[in-house]
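Any read-out appearing in this document is the output of simple, stated calculations on the displayed coordinates, not a laboratory observation. Every value quoted in this text rests on a predicted model; they were computed, and no experiment measured them. Quick reminder, even Gly has a Cβ in these numbers, built from the backbone with ideal geometry, and neighbours come from all protein chains shown.
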Amino acid sequence: MREARQIAGCDARISQNELRELLFRPKGVIFDMDGLMLDTERPLIAAWKRAAGEAGWHLSGEILARTIGIDEPSTRKHIMENCGRDFPYDVIRDSAERVYTAYVKKNGIPLRPGLLALCGYLDSLGIPVAVATSSVRSVALWKLEMAGIGGRFPLLVCGDEVSRGKPAPDIFLQAVELLGKSPAECLGFEDSPVGLRALEAAGIRPVFIRDMVEPPPETLASVWLRLNSLDEAILFIREG
């Protein structure tokens, strides 16, 4: 008996034997936050575009999409390289933050599909979870609170707490240390190309859940699984 299962973004036929071979029992799981746990990327990019337009600048979605997953210093560097040294980065960033904050206060932050189902399943197996985000801690805690899951993830590593941001492995290695596990024992979930590269560099099995950006083929080649939503991972986590 063969069953259809969405893997690698297409209808893939896998047998029960093939499924058993894919099963893995992680001793710890690490989540990225923005775009993976929380649906934050689209309104944030819209806020940046609006802030730039109000200041008389055009900031393309393509340029902004390349900042997904990276920390603030890397975002600054990328935007300045593409927009020129006269680009008023700090002014537009502050304006974008005000626009985004107002949007979130009005609309909240939606959770990405399958997050709570997967977390509940991991809880039932006693598998601990950590979050590794490029956001600074104060912003990360605010976003989790506005999403209604404040305090749900006490093991949290943030972009202002490591010397090198993604795609360097530092943030994930620190999360592994918080979990008290080895990288090879852990599973990592990411939506960004830089995050997937960071997981691979850390020696953690990467799982890709697409949000806004499609990684290049060489990055996708390194992933353990590509799934449509977080709860699909339940099928591949061995219970015992």
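Tabulated data
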read-out	value
Some residue of the range 140-147 being under 24 Å from PHE236 (Cβ atoms), among the small types (Gly, Ala, Ser) and buried (at least 22 other Cβ atoms within 10 Å of the Cβ)	no
Total residues in the range 55-100, condition surrounded by 13 or more Cβ atoms within 10 Å (Cβ to Cβ), among the charged types (D, E, K, R) and under 17 Å from VAL139 (Cβ atoms)	5
Residue in the range 28-39 that is within 21 Å of the chain's Cα centre (by Cα) and surrounded by fewer than 16 Cβ atoms within 10 Å (Cβ to Cβ) present	no
In the range 102-126, residue surrounded by the fewest Cβ atoms within 10 Å (Cβ to Cβ) [restricted to those that are without any contact (Cβ under 8 Å) to a residue 60 or more places away in the chain and not in a helix (DSSP H, G or I)]	GLY126
Helices (runs of 4 or more DSSP H) contained entirely in the range 17-97, each with at least 2 residues that are of a type in the set (S, T, N, Q)	72-83
